[in-house]
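Q: What follows is a single structure, and I will ask about it in a moment.
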Amino acid sequence: MNKVLLLVKKSWQFLCHPSAKLSAGLLLIVGFIAALVLHGTYSATMEYTSTLEFCSSCHTNDVVPEYQESVHFSNASGVQADCASCHLPKEFVPKMTRKIQASREVFAHFTGKVDTPEKFNAHRREMAEREWARMEANDSQECRNCHTQESMELSEQSLLAVKNHTAAEKNGETCIQCHKGIAHKLPDMTGVPGW
Ligand code: HEC
Ligand code: HEC
Ligand code: HEC
Ligand code: HEC
C-alpha cells in the first residue's frame, strides 16, 4: 500500500514539478486524452458511414427497395449482407481508399447527378462497370468474406452450380464474373460477355 502511495506521490510531484518535466508530463496526458477522443470520433464516423441507414439516406429511391426484395436482405438463415459488406472492403488500405473515393458520391449527390430514377438508370451501367472491375480485381474478396468454396456443401447444390464452381476453381474465374445482379437490379446488359 505504501508503495502505491509513494508512486502516486512521485507521479504527482513529477507532473507538478515546476520545471521542463511539468510540460512534458502534461503534454503526455493531454496528448493521450486527445488521442482517445480523436480515436473515438474516428471509429464512430467509420462505423456510422458503413451502416445501411447511412447508405439509405441517399440510395432510398434507387437500389434500396430492390435490395430489400433480395435474398441478401432476408433469407431462411437470417444472415444479412448489408451494403457495406459487399461494397466496402474490410482491409484497412482498400477500405480507406474506397471511403475517399466516396467523396465523388457526395459531390455527385449535391450536383444532382442521379437524383431521379431516369438519371440513375441512365448512369447505372457505368456505375455497375466500376463495381465489377473493382470486384474482379480483388477476386471478389467481399463475396468470399461470407461464401467460401471450402464451406460450400456441393451435395446440396444444383448440378449446374457444382459444374460451374468446379470449373471456376480450375479456370481461375471469380464469383462476380458469373453472379452479377445478386442484390439489386442489373443495368442494361447489352454487350456484356455472357449476358
Ligand atoms: C451523400 C449521398 C450518398 C450516400 C450517403 C451514399 N451514396 Fe452511394 N452514390 C451516391 C451518388 C450520387 C452516386 C453516383 C456517383 C457517380 O456516379 O459519380 C453513388 C454511387 C454509388 C455506387 C457506384 C460506385 C461507382 O463507382 O460508381 C455504389 C456501389 C454506392 N454508391 C454504394 C454506396 C454505399 C454502400 C453507401 C453506404 C456505405 C453509399 N453508397 C452512400 C450517393 C451517396
Ligand atoms: C455478409 C455475408 C454475405 C456477403 C458479403 C455475400 N453474400 Fe451471398 N449470400 C449470403 C447469404 C446469407 C445468402 C442466403 C443463403 C440462403 O439461401 O439462405 C446468400 C446467397 C447468395 C447466392 C444464392 C442465392 C440467390 O438466389 O441469389 C448467391 C449466388 C450469392 N449469395 C452470391 C454472392 C456474391 C457474388 C457476393 C459478392 C458480390 C455475395 N454473395 C456476398 C451472404 C453473403
Ligand atoms: C463459372 C461461373 C460461376 C462462378 C465463377 C461462380 N459461380 Fe456460383 N453459381 C454458378 C451457377 C451457374 C449457379 C447455379 C445457378 C442456378 O442454379 O440458378 C451458381 C450457384 C451459386 C450459389 C447458389 C447455390 C445453391 O444451389 O443454392 C451460390 C451461393 C454461389 N453460386 C456462390 C458463388 C461464389 C461465392 C462464387 C465465388 C467463390 C461463385 N459462386 C462462383 C456459376 C458460377
Ligand atoms: C450481396 C452483395 C451486394 C449487396 C448486399 C449490395 N450490393 Fe450494390 N452492387 C453489388 C454488385 C455485384 C454490383 C455491380 C452491379 C451488379 O452486378 O448488380 C453493385 C452495384 C451497385 C451500385 C451501382 C449501380 C448498379 O445498380 O449497378 C450501387 C449504387 C449500389 N450497388 C449500391 C448498393 C447499396 C446502397 C446497397 C445497400 C442498400 C447495396 N448496393 C447492396 C453487390 C451488392
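The values are calculated or read from the model by the stated rules, or taken from the named source; none is laboratory data. Since we're looking at a predicted model, the values are computed, not measured. Cβ sites come from the backbone with ideal geometry, for glycine too, and all protein chains shown count toward neighbours.
Q: How do the pairs read when you match residues in segment 39-67 that are within 16 Å of ligand 2 (Cβ to nearest atom) with residues anywhere that are part of a loop (DSSP other than H, G, I, E, B) and at pLDDT below 95, using Cβ under 7 Å and keeping only pairs 6 or more apart or on different chains?
A: Within 7 Å, no pair qualifies.
Q: Would you call Ala108 closer than 24 Å to Thr45 by Cα, more than 19 Å from the chain's Cα centre (by Cα) and within 12 Å of ligand 4 (Cβ to nearest atom)?
A: The answer is yes for Ala108.
Q: Could you run through segment 153-188 and say how many residues are surrounded by 13 or more Cβ atoms within 10 Å (Cβ to Cβ), under 26 Å from the mean Cα position of the chain (by Cα) and part of a loop (DSSP other than H, G, I, E, B)?
A: Counting residues in segment 153-188 that are surrounded by 13 or more Cβ atoms within 10 Å (Cβ to Cβ), under 26 Å from the mean Cα position of the chain (by Cα) and part of a loop (DSSP other than H, G, I, E, B) gives 11.
Q: Another one. For Pro117, work out the one condition from (1) modelled with pLDDT of 95 or more; (2) closer than 16 Å to Pro187 by Cβ; (3) of a type outside the set (Gly, Ala, Ser) it doesn't fulfil.
A: (1)
Q: Would you be able to say whether some residue in segment 120-143 is surrounded by 10 or more Cβ atoms within 10 Å (Cβ to Cβ), more than 16 Å from ligand 3 (Cβ to nearest atom) and modelled with pLDDT under 95?
A: No, segment 120-143 contains no residue that is surrounded by 10 or more Cβ atoms within 10 Å (Cβ to Cβ), more than 16 Å from ligand 3 (Cβ to nearest atom) and modelled with pLDDT under 95.
Q: Just name the residue that is nearest to ligand 2 (Cβ to nearest atom) out of those in segment 89-133 that are without any contact (Cβ under 8 Å) to a residue 40 or more places away in the chain and in contact with a Lys or Arg (Cβ under 9 Å, 6 or more places away or on another chain).
A: Checking each candidate, the answer is Arg98.
Q: Just for segment 61-104: of the residues that are aliphatic (A, V, I, L, M), within 12 Å of ligand 1 (Cβ to nearest atom) and in a loop (DSSP other than H, G, I, E, B), which one is surrounded by the most Cβ atoms within 10 Å (Cβ to Cβ)?
A: Selected residue: Ala81.
Q: Thr97: more than 16 Å from ligand 4 (Cβ to nearest atom), closer than 25 Å to His179 by Cβ and either among the aliphatic types (A, V, I, L, M) or out of contact with any helix residue (DSSP H, G or I) (no Cβ under 9 Å at 6 or more places or on another chain) (or both), yes or no?
A: So Thr97 passes the test.
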